[in-house]
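Working notes, beginning with the structure itself.
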Amino acid sequence: MSQADRNQGYYHEERETASVDTWRAYHERRLRGLAEHAYQFAPAITALFDKAGVRPDEITTLESLQRLPVTTKTDLARMQAEDPPFGGFLTVPVNQLKRIFMSPGPIYDPQGKAGSFWAWSEGFFAAGFRPGDIVINTFGYQMTPAGLMFEEPLLDLGCCVIPTGVGNTETQIKIMKDLGVTGFVGMASFLRKIGVAARELGLEPTRDLALEIGYVAAEILTDALRQEVEELFGMRLFQGYGTADCGCLAYECRESNGMHLTANAYVEILDPQTRKVLGPGEPGEVVVTLFNSTYPLIRFATGDLSAFTIEPCACGRTAPRLTRIMGRVDQLTKVKGMFVHPAQAQAILARFPEVGKFQIIVTRESEVDRMKFQLELKSDPDSETAFLEKLSSAIQDGLKLRPELEIVAGGSLEPTEKLIIDKRTWD
Ligand SMILES: [Zn+2]
């Protein structure tokens with residue numbers, strides 16, 4: 001199938017190009033409906049509103065939602081343990097569900113009887129999956145929802161699915177070759193492994209396999225990994241962002257410049273400490289209000305760190321985009337009042353080919369935080385002073401903090417996987 005064919009019928013839903021005002025009206029209408037329905041049928045939501053002193057008919061605007069507290073993943077696990085299996089969030093009797101899954105946590109995840117329960121079709125369509133694709137789905141089909149969750153949009157869009165699940169690399173290669181598989185769903189790192197193994201078997205993936213399009217999730221996709229896999233197979237990779245509890249929350253269009261937020265939820269980015277609503281470009285925690293009548297989560301804090309942009313996208317879709325998922329909120333360290341995330345630091349230092357391994361040591365002297373980057377170099381820069389100056393200003397730009405820099409001998413960093421070592425004591 002040509003790329004032009006994959007671009008055919010670019011929008012899956014008419015509202016994808018709606019104006020800002022239409023989007024707001026849409027979200028507020030869905031919020032009102034959700035609040036009334038969830039308050040009436042989900043005991044946990046009734047309790048949540050009552051405790052906050054808010055009536056469901058008071059949730060009329062996006063701003064009014066801020067009167068309600070957030071529920072964290074830890075809260076959800078605790079509430080499920082206290083009131084099994086769904087912690088009071090389910091609006092239907094348990095035996096009316098289509099399927100029940102268990103994710104690590106442990107957390108039970110329901111699948112209601114409504115079609116497109118996890119709402120990934122919009123994202124798969126935007127990526128270019130079309131009727132006629134034969135797609136290998138390498139997510140697990142047992143216990144956790146991943147396999148069936150990602151199969152749903154493929155069936156919705158009229159693709160043929162081969163449910164291979166995790167592992168069995170050589171068998172996956174045989175199936176891809178025998179059946180002329182055009183699409184892949186799974187983890188990008190697994191697809192790379194398949195490509196490498198195919199070469200070891202004497203195959204040339206760009207010639208002997210027919211892969212054109214892949215949908216990857218469940219891990220952070222670096223630009224390097226994406227490029228490597230795309231070149232290995234001569235295909236395009238797209239990613240989406242979602243969770244086992246929420247389904248799809250955001251997805252890439254064919255511009256691959258961030259992930260458009262789904263119409264199926266209202267997503268806020270909150271300061272992880274103060275829970276203040278943040279604006280475009282400000283990194284914070286992804287908090288989701290899910291328009292799902294079976295399992296309505298309201299201000300559910302995912303623990304994932306991201307930021308959004310409202311810059312127009314060339315694809316014409318008007319939903320804001322998450323720029324990227326930056327990691328987990330619990331990996332954040334606050335230095336001089338600013339959040340520093342290992343992935344953020346890593347992204348900055350990756351632009352300097354001279355830098356090998358590094359660690360960030362955070363200390364506190366005379367009530368002032370200090371942040372020192374210890375660097376092992378792979379190669380000597382032409383001028384050490386110029387190199388350190390350039391690096392220092394890049395870090396200051398990215399982290400909004402002035403770093404101390406120290407070049408150390410190879411092998412002298414602390415033996416830990418941690419990138420940020422917090423040595424501050426608070427007594
Ligand atoms: Zn777009």
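The values are calculated or read from the model by the stated rules, or taken from the named source; none is laboratory data. Only a predicted model underlies this, so the values are computations on that prediction, with no experimental measurement involved. Every residue, glycine as well, gets a Cβ built from its backbone with ideal geometry; the counts of neighbours run over all protein chains shown. Keep in mind that these areas ignore ligands, DNA and RNA; they rest on the heavy atoms of the full protein, side chains included. Shrake-Rupley method; radii C 1.70, N 1.55, O 1.52, S 1.80 Å.
Brief remarks on what is shown
- Test result for Phe139, more than 16 Å from the ligand (Cβ to nearest atom) and either open to solvent by 10 Å² or more (accessible area, probe 1.4 Å) or not acidic (Asp, Glu) (or both): yes
- Options Asp21, Asp75: the member that is modelled with pLDDT under 95 and within 24 Å of Ala126 (Cβ to Cβ): Asp21
- All conditions in (1) of a type in the set (Val, Ile, Thr); (2) modelled with pLDDT of 90 or more; (3) away from the ligand (no atom under 16 Å from the Cβ) hold for Thr318, with the sole exception of (3).
- The condition of being in contact with a Leu (Cβ under 7 Å, 6 or more places away or on another chain), under 22 Å from Arg275 (Cβ atoms) and in a helix (DSSP H, G or I) holds for only one of Leu76, Leu65, that being Leu65.
- For first residues located in region 315-331 and of a type in the set (Gly, Ala, Ser), partners that are more than 16 Å from the ligand (Cβ to nearest atom) and lie 6+ apart or on another chain with Cβ distances below 6 Å form the pairs Gly327/Leu305; Gly327/His341; Gly327/Ala343.
- The residues in region 139-187 that are among the hydroxyl-bearing types (Ser, Thr, Tyr) and free of Cβ contacts under 8 Å to residues at least 24 places away in the same chain can be counted, and the count is 1.
- Residues of region 20-56 that are open to solvent by 60 Å² or more (accessible area, probe 1.4 Å) and in a loop (DSSP other than H, G, I, E, B): Arg55 alone.
- Residue selected from region 149-174 under the condition in contact with a Phe, Trp or Tyr (Cβ under 6 Å, 6 or more places away or on another chain), among the hydrophobic types (A, V, I, L, M, F, W, C) and in a helix (DSSP H, G or I), by the criterion nearest to Glu200 (Cα to Cα): Phe150
- In region 321-333, the residue that is nearest to Val362 (Cα to Cα) out of those that are charged (D, E, K, R) and within 16 Å of the ligand (Cβ to nearest atom) is Arg324.
- Of residues in region 411-426 being assigned to a loop (DSSP other than H, G, I, E, B) and either in contact with a Gly (Cβ under 7 Å, 6 or more places away or on another chain) or under 16 Å from Asp369 (Cβ atoms) (or both), the one most open to solvent (accessible area, probe 1.4 Å): Trp426
- Restricting attention to region 289-315, the residues that are within 16 Å of the ligand (Cβ to nearest atom) and aromatic (Phe, Trp, Tyr) add up to 1.
- Scanning region 263-277 for residues that are open to solvent by less than 20 Å² (accessible area, probe 1.4 Å) and over 18 Å from Ala38 (Cα atoms), we see that the one that is farthest from the ligand (Cβ to nearest atom) is Leu270.
- Residue pairs meeting the criteria (Cβ under 7 Å; at least 6 apart or on separate chains; first more than 21 Å from Pro312 (Cβ to Cβ), in region 247-272; second among the basic types (Lys, Arg) and surrounded by fewer than 21 Cβ atoms within 10 Å (Cβ to Cβ)): Leu270/Lys276
- Strands (runs of 3 or more DSSP E) fully within region 295-403 counting 1 or more residues that are open to solvent by 30 Å² or more (accessible area, probe 1.4 Å), over 30 Å from His27 (Cβ atoms) and hydroxyl-bearing (Ser, Thr, Tyr): 355-365
- Within region 9-54, the set of residues being basic (Lys, Arg) and touching a residue at least 60 places away in the same chain (Cβ under 8 Å) comprises Arg15, Arg30.
- Where Gly234 falls short, out of the listed (1) modelled with pLDDT under 95; (2) away from the ligand (no atom under 16 Å from the Cβ): (1)
- Some residue of region 239-246 being away from the ligand (no atom under 16 Å from the Cβ) and over 29 Å from Val267 (Cα atoms): no
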